[in-house]
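Novice: Below is the structure I would like to discuss, written out as structure tokens.
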């Protein structure tokens with residue numbers, strides 16, 4: 001497995017780095033794991049693009065100082081403050097339909113163990129009216145992890161967000177964004193590692209350890225601002 005850290009110099013190039021992982025894994029069948037802190041942005045899902053208020057929601061995010069992009073996995077808008085952690089695990093697969101549940105369970109279990117390492121006892125589920133509502137979330141004093149998955153041909157992408165500390169800022173920007181999308185959202189439903197009493201400084205290392213698991217890391221690459 002190849003392990004990547006860091007980020008590119010702007011949100012669009014950074015997004016392309018993650019997209020490129022899919023082609024790389026499809027080409028050589030070696031899994032890649034990327035863990036990083038995306039730029040300050042609101043990432044919209046495919047379902048958001050079909051709503052009447054989509055353009056207004058994009059303008060709302062930009063007015064509050066957030067860049068905007070459209071992501072390939074997940075259902076609804078998520079916000080990154082610049083310190084929020086994202087992960088993307090790209091693995092080869094021989095079955096485009098099979099293995100989805102197993103991957104969700106494996107990744108969710110790894111993240112729970114990583115959070116335990118930094119002092120957070122997270123459990124499955126999410127409070128009502130959470131951001132990007134879905135069946136694969138973790139909560140501890142609010143939703144602090146969301147996980148999504150996309151499978152195409154011979155590659156599976158399991159990706160997600162871990163809120164470290166900026167739960168208030170995330171709630172503040174997503175409230176008007178979700179209002180524009182005409183979706184229910186409760187700002188107080190956003191949790192974070194810090195809010196749950198955990199050591200947010202150790203999260204990236206803990207995630208790397210647990211998501212790599214027993215696999216051998218063949219290369220450690222760094223994506224840096226230039």
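We did not get these values from a lab; they are worked out from the coordinates using the rules stated. What you see is a predicted model; the values in this text were computed from it and never measured.
Novice: Going by alpha carbons, how many degrees (0 to 90, nearest 10) lie between the helix axis of 167-180 and the longest principal axis of the chain?
Specialist: 70 degrees
Novice: By what distance, in whole Å, do the Cα atoms of region 33-134 stretch along each of the three principal axes, largest value first?
Specialist: Dimensions of region 33-134 along the principal axes of its Cα atoms: 37, 36, 28 Å.
Novice: Give me the tail of P(r) for the chain as a percent: Cα-Cα pairs with distance above 29 Å.
Specialist: Of the Cα pairs, 21 percent sit more than 29 Å apart.
Novice: Relative contact order of the chain: what whole-number percent is it, with Cα pairs under 8 angstrom and at least 6 residues apart?
Specialist: Value for the chain: 28 percent.
Novice: Express in whole angstrom the spacing between the alpha-carbon centres of region 189-206 and region 68-140.
Specialist: 14 Å
Novice: Next question. Does anyone have the angle between helix 11-28 and the longest principal axis of the chain? Alpha-carbon axes, 0 to 90°, nearest 10?
Specialist: The helix 11-28 is inclined about 30 degrees to the chain.
Novice: Another question, then. Using just the alpha carbons, could you tell me how many Å³ per residue the convex hull of region 152-205 encloses? Don't skip to the answer; put the middle values down first.
Specialist: Values: hull volume 5.9 nm³, N = 54.
Per residue, the Cα convex hull of region 152-205 comes to 109 Å³.
Novice: I would also like to ask the following. Would you calculate, for the chain, the mean residue ellipticity at 222 nm contributed by helices, counting each DSSP H stretch of 4 or more residues as -39,500 (n - 2.57) and dividing by all residues, to the nearest 500? Walk me through the intermediate numbers first.
Specialist: Details: 5 runs with 70 residues, N = 226.
Only helices count here, giving -10000 deg cm²/dmol.
Novice: Could you tell me how many degrees, from 0 to 90 and to the nearest 10, lie between the Cα long axis of helix 100-117 and the main elongation axis, the longest principal axis, of the Cα atoms of the chain?
Specialist: For 100-117 against the chain, the angle is about 80 degrees.
Novice: If you don't mind, another one. Hey, how much of the P(r) for region 92-132 falls beyond 15 Å, as a percent of Cα pairs?
Specialist: Details: 481 of 820 pairs.
Beyond 15 Å sits 59 percent of the P(r) for region 92-132.
Novice: Restricting to Cα pairs below 8 Å that are 6+ residues apart, what does the relative contact order work out to for region 65-186? Please round to a whole percent.
Specialist: 34 percent
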